[in-house]
Amino acid sequence: MELAKAYSHKEVEGKWYGHWVASGAFAPAGGTAPYFSVVIPPPNVTGSLHMGHALNNTLQDILCRYKRMDGYRVLWVPGTDHAGIATQNVVERRLAEQGLTRAEVGRAKFIERVWAWKEEAGNAILHQLKALGVSCDWQRERFTMDEGLSHAVREAFVRLWEDGLLYRAERLINWCPRCKTALADIEVVHEESDGQLWHIRYPLADDPSKALIVATTRPETMLGDTAVAVHPEDVRYHPFAGKKIRLPIAGRVIPLLADSYVDKEFGTGALKITPGHDFNDFEIGERFGLDKISIFDADAKIDAEAFLSRGERGEWLERYRGQDRFAARKLIVSELKEKGYLEKTEPYRNAVGHCYRCQTVVEPYLTPQWFVNIKPLAEPAMQVVRDGRIRIIPEGWSNSFFAWMENIKDWCISRQIWWGHQIPAWYCKSCDAADLVEAGGGEYRLGKEAHPIVARGAPESCPKCGGKELVQDPDVLDTWFSSGLWPFSTLGWPEQTEDLKAFYPTSTLVTGFDILFFWVARMIMMGLKFMGDVPFRDVYIHALVRDEQGQKMSKSKGNVIDPLDIMNQYGTDAFRFTLAAMAAMGRDIRLAEERIAGYQNFVNKLWNAARFVLMNQNNVALVAGRRDVRKPSVERGGGDILNDKDLNFADRWIRSRLATTIAQAREAVDGYRFNDYANLLYQFTWHEFCDWYIEMSKLALNGTVAGDANRSKRILVELLEHILLLLHPLMPFVTEEIWHVLGENHQSIMIHPYPRPEPAWVDEQTERQMEFLMGVVRAVRNLRAEMNCPPGKEVKAIFHGPEEDLMLLRSQEPYLRLLARVSAAEYAISGERPKGAATAVVGATEIYLPLGDLINLDEERARLRKEIRKFEEEFSRVQRKLENNDFISKAKEEVVRKEREKAGQYEEKLRTLNLSLARIEKAQSERS
Ligand SMILES: [Zn+2]
Ligand SMILES: [Zn+2]
């Protein structure tokens, strides 16, 4: 086997995933080693892979592959979330294309269609994840609505009920009139928008000539007003104490209340109170025992029946009956204006809540719902974070966590949709006859007084009357209820399975900050409640992937980068490496394609280095003979030949650097510093191994420096093996490919031990000496470049400096010749400065390159003068442009910025050219 001349990610990446799965390498090993377990944040079954998933799963895979190689029994559980409203919306849209609604199809048939859709089109995202190389155990794949997880959901619900942590009550909740369901507070997205503030006259009931002015952003809700409130200390309203008000249009007589919640500074200091459609008003209503009128139906249209059932009549009712809330607003405003109730209108900016799924304006709406009594669950969840039993990383996110948990409200878990876990509660048709209203299609609407019979399975009969006719609660549970159980339900809970015993609590959760509350907090509460232990030890919160300019990627902006396109173009390894290299803790990623292309070069660099190493194994009997039988060197304790005592200078140096790199790489992954992990391996591989060590090894291979050639070949193999192992968690495909070519009988690289640092390899003196040698080589190379000396031409060098430095240079002279084309060297501890030479200083050593040897001084002087003239002209042209106000004011910012950059570059170029010229002129004057 040999490596192809050029690396083809398409060929290589296509072939390994199937091997890994088939070999069972993704399943946890047996034995008694410590475990490392992770549950995937389940993507929505409707989803397709976006940058957020790519980052999230790359980081999880790095951890899992690293831990697996490091000897842990690793389990990574994959799966998807049924994503209630999101999935229901997808299937409803497909129905709409056939001209059908879900009501026409009926509940049972609709759910059948959702399952059919899931089988056909759902789970696409899991296939896309496989392209990313994720090492999940697919044998253990779960779905939040599979049989086992549905069982866990019912069990959890029943236990919460039995422990008094669930209740059903009529409360004001966030309602989406399009999705026709309740939403949790955190499913409401608040957006600032330009609205208006209407000032409306509310006349006194006993003297219509006198009136209070109330200010509101939602005049249509005045139909549901049941009071007006002022601040008790607001002296403007003291004369009105005890008065009643006649509500315009509806004519209802309502009280004037004093409540210190009212803000004296807002509007006129008089607040209309609508307990049926405003959360603050609801609380005031509770304090004063006010009526709560729900003026809208589920579609947010005026519900005339609500008024009729209160005994309210009037022709206004017919005018407003069935009007949509926004139409009603226009109608009310014009009626108020016409009848002289509208005092004034002013522009007003306020935050309006929108449904996070469909962006419809959310309506506070009074309905019976199921709630979790959350405080008793929240307190222990805060405690485990305070105690450090769960670490949130980066730590700053703990503050957000505490702030949210301290203000947590009871969790509304019922949703009025069909796709999800139907609530395991039943109602007796005879006992609850008054609260069961037939809603068609075998469905019932439940009144607020209905008495639930909560059970793990459908009860046979009513425990009160023995009646056999029972109706199940039509609502389903919030999607986050089932995903809150994910870390243990996926392991088999409530059964005490082997997996649950072996892998709970899980080790690390990797997630984005946007679901810290939706999901992470719920898992902590549920884990503590049902398992009596935390669901994970570490929560690593990663950043967002933005576009190059730092903007959020969005379809509307057209700046979305599709991970699959990127993987196709640059290769998965390059893409994964980019994500890791940019995943600095707490900092968003600005993804530029140039960076990915840059890391694609890195993959190629590794490939070419491997080719060099392999080519140097050929025709060597020793290596050829060993290749089939040998085990990778790292399995025999760090290395084989690398442990030799008498290595040469370059070998000792790279071995020392390797030991440090291994230690740092481990520390970086252990500390979730993925960017450090990637960057330090990049540095080591590209610069230290490829740029320096491989070059230097050529001298050992051809016998110029000490050490025998065969040993050098073996050292190259061992170094390459270490590099592949170190890089494997970041770049699984290319490392596996090279690994197999290195040893035909090798087993997959992913099950080999991760390199351990060998303290004995660290050799600080050699590292210092090598630093110095590299400094000298760089200095000579720079001088040669500045002098325009042809690359192949050899030069003479004179070194003045401390004896120790000179001895080193003398002993490593072959490297100087190879790396800096120094043909002959003179050494002196001190002495007269050689004339006519270019000079540089490294540490305490001065370097002189006699110029006359390198170049024709006259020709070079002429060339430099010509170059200088050219750049001076360019520079002044740009300068003129930048001093021209006309240009500055009219040109685009981007263009001006480019011109400024150019000016800077020309200035810098001129500086170095002038320096070179001065050096030549000085050399000439010294020679003459
Ligand atoms: Zn909605
Ligand atoms: Zn009954």
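The values are calculated or read from the model by the stated rules, or taken from the named source; none is laboratory data. No experiment lies behind these values; they were computed from the predicted model shown. All Cβ positions, glycine included, derive from the backbone under ideal geometry; neighbour counts span all protein chains shown. Heavy atoms of the whole protein, side chains included, go into the accessibility calculation; ligands, DNA and RNA do not. Shrake-Rupley method; radii C 1.70, N 1.55, O 1.52, S 1.80 Å.
Using the Stokes-Einstein relation with a Kirkwood hydrodynamic radius computed over Cα pairs, the translational diffusion coefficient of the chain at 37 °C and a viscosity of 0.692 mPa s comes to 97 µm²/s. In terms of modelled amide H atoms, which long-range or inter-chain residues lie less than 5 Å from the amide H of residue 367? Placed amide hydrogens put 171, 173 under 5 Å from residue 367. For the listed residue pairs 645/713; 301/330; 796/922; 555/898, the alpha carbons are over 21 angstrom apart in 555/898. Mind giving me the FRET efficiency for residue 794 and residue 760? R0 is 45 Å, r the Cβ-Cβ distance, nearest 0.05 is fine. For R0 = 45 Å, the calculated efficiency reads 0.70. Considering only the other residues whose Cβ falls under 10 Å of the Cβ of residue 46, what net charge follows from Lys and Arg at +1 and Asp and Glu at -1? Overall, the nearby charge balance is 0. In this structure the amide hydrogen of residue 245, modeled in the peptide plane, comes within under 5 Å of the amide hydrogens of 205, 254, 256, none closer than 5 places in sequence on its chain.
Kindly provide the helix-only [θ] at 222 nm of the chain, computed as the sum of -39,500 (n - 2.57) over DSSP H runs of four or more divided by all residues, to the nearest 500 deg cm²/dmol? Let's see the in-between values first.
Numbers: 33 runs with 400 residues, N = 928.
The per-residue figure over the chain is -13500 deg cm²/dmol.
A DSSP coil position with no more than 12 other Cβ atoms inside 10 Å describes the following GluC sites (Glu not before Pro) in region 830-870: 832.
Couplings 3J(HN,Hα) for region 392-409, derived from phi with the Karplus relation 6.51 cos²θ - 1.76 cosθ + 1.60 (θ = phi - 60°), are 9, 10, x, 4, x, 5, 4, 4, 4, 4, 5, 4, 6, 5, 5, 9, 5, 10 Hz, where x marks Gly and Pro. From most to least packed by mean Cβ count within 10 Å, the peptides 498-509, 582-593, 898-909, 554-565 give 498-509, 582-593, 898-909, 554-565. Scoring 51-59, 885-893, 443-451, 670-678 by mean Cβ neighbours within 10 Å over their residues and listing the highest first yields 51-59, 670-678, 443-451, 885-893. Between residue 162 and residue 449, the C-beta separation translates, for a Förster distance of 22 Å, into a calculated FRET efficiency of about 0.55.
Run the numbers on the chain and let me know its relative contact order in percent, using alpha-carbon pairs under 8 Å that are six or more apart.
Relative contact order for the chain comes out at 12 percent.
Accessible area of region 469-619 with a 1.4 Å probe: how many percent of it is carbon plus sulfur? Walk me through the intermediate numbers first.
Values: 2360 of 5370 Å².
Answer for region 469-619 is 44 percent, counting heavy atoms of protein chains only.
When both region 436-459 and region 687-706 are represented by their alpha-carbon centers, they are found 80 Å apart.
With respect to the cross-link table entries 881/909; 881/902; 118/501; 10/67; 118/552, which display a Cα-Cα separation exceeding 21 Å? Table pairs above 21 Å Cα-Cα are 118/501; 10/67; 118/552.
Only protein atoms count toward the accessible area here, which uses a 1.4 Å probe; on region 683-827, the carbon and sulfur part of that area reaches 47 percent. Sites listed here are GluC sites (Glu not before Pro) in region 728-824 whose DSSP assignment is loop and whose Cβ has at most 10 other Cβ atoms within 10 Å: 744.
Using only alpha carbon pairs under 8 Å that are at least six residues apart, calculate the relative contact order of region 721-817 and give it in whole percent. After rounding, I find 17 percent.
Spatially, region 286-325 and region 24-52 are offset by 52 Å when compared through their Cα centroids. Highest mean packing first, where packing is the average number of other Cβ atoms within 10 Å per residue, the peptides 274-286, 485-497, 351-363 line up as 485-497, 274-286, 351-363. Figure note: 784, 93, 218, 246 ranked by solvent-accessible area, largest first, 1.4 Å probe, ligands and nucleic acids not counted: 93, 246, 218, 784. Taking the solvent-accessible surface of protein heavy atoms with a 1.4 Å probe, what is the per residue accessible area of region 513-583 in Å²? On a per-residue basis, region 513-583 sits at 36 Å². The simple Förster model, with R0 at 51 Å and r as the Cβ-Cβ distance, assigns residue 829 and residue 192 a FRET efficiency of 0.10. The distance separating the Cα centre of region 74-134 from that of region 149-185 comes to 22 Å. If the chain linking residue 771 and residue 562 were pulled fully straight, counting 0.36 nm for each residue of separation and taking away their Cα-Cα distance, it would gain 71.0 nm.
Between the amide H of residue 181 and those of 176, distances stay under 5 Å, these residues lying 5 or more places away or on another chain, with hydrogens modeled in the peptide plane.
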